[in-house]
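Quick notes on the structure that follows.
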Amino acid sequence: MSVAKKYQVGIGDKVDLSTWKTDDAEGVERAVVEAKTEENAMIIADLQHKLYAQHERSVLFVLQAMDAAGKDSTIRRVFGRVNPQGVQVKSFKRPTEDELAHDFLWRVHLHTPRRGHIALFNRSHYEDVLVARVDNLVPEARWQKRYESINGFEQALINGGTEIVKIYLHLSKDRQREKLEERLTDPTKNWKFEAGDLETRQKWDAYMHAYEDAISQCNAEHAQWHIVPTDRKWYRVWVVSEIVRATLEEIGPRFPEPKLDPMAAMKLLEQMNGG
Ligand code: ATP
Ligand code: MG
């Protein structure tokens, strides 16, 4: 089975995160995998170039994780080679007053990818069934209905030609502790630390349940979840690069046919030069 498929959640499966690995690197050689990641990054850039040129399909990658799992570095390593013109990264923060005055998908829809583009969501509409649920930001009767709303919203995007790929970076609670400690001891990482990270960590189990429900209830053809072992950076980045590459290869973008006969246009150009 391909690496991309190995971590894909089967449609209809009820997810129990305790049975999914946070580290799966046994017997895998780091140097080999790092070379493959770099190769994948180049291939992804090439496929993105064709997707952009063809201007037909679009792809939305959703990245979700607990704090300090490494969403940012994953984006940097996997998409570091693509043309920035065709890829938009959107990081979803706490909603503004204006955003809260609308339905929860309002702010999200503004950032879905246009034809030929890739959008990367660093956090997403799933926060509205994660933090919103765990912290009781809205009553249960409201967040319970959101799974259905999310499925309808994603289906509308799929019907419009967007492929959706959802990735949960599965970090262990022990490893998160180490990463949070790094944020406190490494001066170049201090800026990333937030008191809120500790509060969220205290609610770890509630978050795991919320993730299990979100993944189980919102997992569909063309909008499938992947649960990626995240404790080791090099392994996580490689797996995500395999998933992204496989997604783009399946879409199979090609350079479009020229809009006019290139030879005829060349003749015209020569005549103009002569004239
Ligand atoms: P890092 O992992 O590097 O800390 P981050 O994604 O946590 O990056 P932050 O700016 O630290 O970025 O945090 C964003 C915060 O916004 C998170 O606490 C997240 O839960 C919160 N947030 C995002 N979307 C929503 C939402 N719809 N409702 C409430 N809170 C949200
Ligand atoms: Mg944070």
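Numbers for the structure displayed
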| read-out | value |
| --- | --- |
| Carbon/sulfur fraction of accessible area - the stretch 3-272, other protein chains in place, 1.4 Å, % | 50 |
| q = 0.12, 0.18, 0.20, 0.25 Å⁻¹, the stretch 171-251: log10 I(q)/I(0) [Debye, one scatterer per Cα] | -0.51, -0.98, -1.08, -1.20 |
| Under Karplus coefficients 6.51, -1.76 and 1.60, residue-wise ³J(HN,Hα) of the stretch 260-268 in Hz, glycine/proline x | 9, 5, x, 5, 5, 5, 4, 4, 4 |
| Solvent-accessible surface ranking, highest first, for Lys145, Lys173 at 1.4 angstrom | Lys145, Lys173 |
| Most mobile of Glu181, Glu154, Glu38 in a GNM of the chain (Cα contacts under 10 Å) | Glu181 |
| Accessible-area ranking of Glu97, Glu212, largest first, probe 1.4 Å | Glu97, Glu212 |
| Rounded accessible area of Glu249 (nearest 10 Å², 1.4 Å probe) | 90 |
| The chain: proportion of alpha-carbon pairs further apart than 23 angstrom, % | 57 |
| Alpha carbon Rg of the stretch 118-275, scaled by the compact-globule rule 2.2 N^0.38 Å | 1.53 |
| Overall form of the stretch 201-244 per C-alpha gyration tensor (a/c, 1.5; a/b vs b/c) | oblate |
| Contact order relative to length of the chain, as percent, for alpha carbon pairs under 8 angstrom and 6 or more apart | 35 |
| Cα gyration tensor of the stretch 40-110 - equivalent ellipsoid semi-axes, whole Å, descending | 27, 18, 8 |
| Other-chain or far-sequence residues with amide H under 5 Å of Ser91's (modelled H) | Asn122 |
| Vicinal HN-Hα couplings computed from phi for the stretch 90-102 (Karplus, 6.51 cos²θ - 1.76 cosθ + 1.60; Hz; Gly/Pro x) | 10, 9, 8, 9, 4, x, 6, 4, 4, 5, 5, 7, 10 |
| MRE, 222 nm, helices only [DSSP H, n ≥ 4, -39500 (n - 2.57), over the chain, to nearest 500] | -15000 deg cm²/dmol |
| Asp72 accessible area, 1.4 Å probe, all protein chains in place, Å² to nearest 10 | 70 |
| Nearest-ten-degree value, helix 233-251 long axis tilted from longest Cα axis of the chain | 40 |
| Accessible area of the stretch 3-272 divided out per residue, in Å², using a probe of 1.4 angstrom | 54 |
| Nearest-10 value in Å² for the accessible area of His109, using the 1.4 Å probe | 100 |
| Cα-only Debye scattering, the stretch 139-210: base-10 log of I(q)/I(0) at q = 0.22, 0.25, 0.28 Å⁻¹ | -1.00, -1.11, -1.25 |
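The values are calculated or read from the model by the stated rules, or taken from the named source; none is laboratory data. Because the structure is a prediction, the values reported are computed rather than measured. SASA here: full protein model, heavy atoms, side chains in, ligands and nucleic acids out. Shrake-Rupley method; radii C 1.70, N 1.55, O 1.52, S 1.80 Å.
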